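Asker: Mind looking over this structure? Questions follow.
The values are calculated or read from the model by the stated rules, or taken from the named source; none is laboratory data. Please read these numbers as outputs of a predicted model, since none were measured by experiment. Ideal geometry is used to build each Cβ from the backbone, glycine not excepted, and the neighbour counts take in all protein chains shown. Ligands, DNA and RNA are excluded from the accessible area calculation, which covers all protein heavy atoms including side chains. Shrake-Rupley method; radii C 1.70, N 1.55, O 1.52, S 1.80 Å.
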Amino acid sequence: MDVIRHTPTRRRIVKALCTLILIASVTTGCGKNIPTIVTPEQRPRPKVALVLSGGASRGFAHVGVIKVLEQNNIPIDIVVGTSAGSLTGALYAYYDDAGMLERAARELTVEDIFDFSILSISVGVVKGNNIVSYVEKTIKVKNIEDLKIPYAAVAADLNTGEMVVFKSGPVSTAVRASTAIPGIFTPLTLGGRVLVDGGIVNSMPVDVARDMGADVIIAVDVTAHTTNYDVKNVVDIIIQTFNIMGAQTNKYKYEEADVIIRPDVRGVGIIDFSQKDYLMLQGERAARTALPLIEEAIENAQ
């Protein structure tokens, strides 16, 4: 497992200097500086965002990370996800409870996600109807605006290459678009756009979280360890290729996050749902290692 930390950005340095000035003194009408004490309780708590990468079945590791963060009272104010991360993120944004999220993950089956059909083989071997039904059945609110935690999912416009960010509207539509792996899932046509998996343009959307007001970003990358000797068919080949592409592009996103957690998920098949326990455990281990860095990042952002 890998954990990466980054030094404060210029924005945080300026913010810290401004805070020190305000704490140091206030100027009265007489021109005197009067010391002012600001207690930790009076300081606004920084907004913490959790950004979840794509990674197919390896996304179960996200659940273990979230479990440890919640156990250690790390606040999550924003959730952003791509592909597998968009589904895990939507579930957590709905439940706001790691225990409920873990239960849902354990009950999730391959059939809940993959509805293979030869009728749609010209544009994708998976129709995508099952994942829509699963989200609508599991998440009892319709729209993103009704989730307990602010949430965004990232998809891509197949025709233009543009990133498409869902911050409102039906949750099931956002997840369906974000998880539509090209060549596997039938693309989602919506509003004149042909939408596919967001991993094409942004597998670890830390920039989206920053735009949503995040002060501290915890990014979880389950594509970092791409080694997989269990590639047996065309579906495996496409998803593994996609994971490798995501791992390479995610490296350029690392500087934008405050802490990056990379669970060691190598060796697990990309549509292997039998390794849930192992994947969640790896997520927990990586998150525990990252806790001191996360706490430090939050403290520095105060």
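Asker: Quick check on SER83: is it modelled with pLDDT under 95 and surrounded by 19 or more Cβ atoms within 10 Å (Cβ to Cβ)? Quick ask: steps written out before the conclusion?
Answerer: On the way: modelled with pLDDT under 95: yes; surrounded by 19 or more Cβ atoms within 10 Å (Cβ to Cβ): yes.
For SER83, the condition - modelled with pLDDT under 95 and surrounded by 19 or more Cβ atoms within 10 Å (Cβ to Cβ) - is met.
Asker: Sort out which residues of region 273-300 are out of contact with any Gly (no Cβ under 8 Å at 6 or more places or on another chain), within 24 Å of GLU111 (Cβ to Cβ) and open to solvent by 40 Å² or more (accessible area, probe 1.4 Å), and write them in order of number.
Answerer: Scanning region 273-300 gives SER274, ASP277, TYR278.
Asker: Still on this structure, I have one more. Residues that are modelled with pLDDT of 95 or more, surrounded by fewer than 13 Cβ atoms within 10 Å (Cβ to Cβ) and not in a loop (DSSP other than H, G, I, E, B): does region 92-99 have at least one? Outline the logic, then answer.
Answerer: Narrowing region 92-99 to residues modelled with pLDDT of 95 or more: 92-99.
Next, from what is left, pick out any that are surrounded by fewer than 13 Cβ atoms within 10 Å (Cβ to Cβ): 99.
Filter once more, keeping what is not in a loop (DSSP other than H, G, I, E, B): 99.
Checked against the condition, which is being modelled with pLDDT of 95 or more, surrounded by fewer than 13 Cβ atoms within 10 Å (Cβ to Cβ) and not in a loop (DSSP other than H, G, I, E, B), region 92-99 yields at least one hit.
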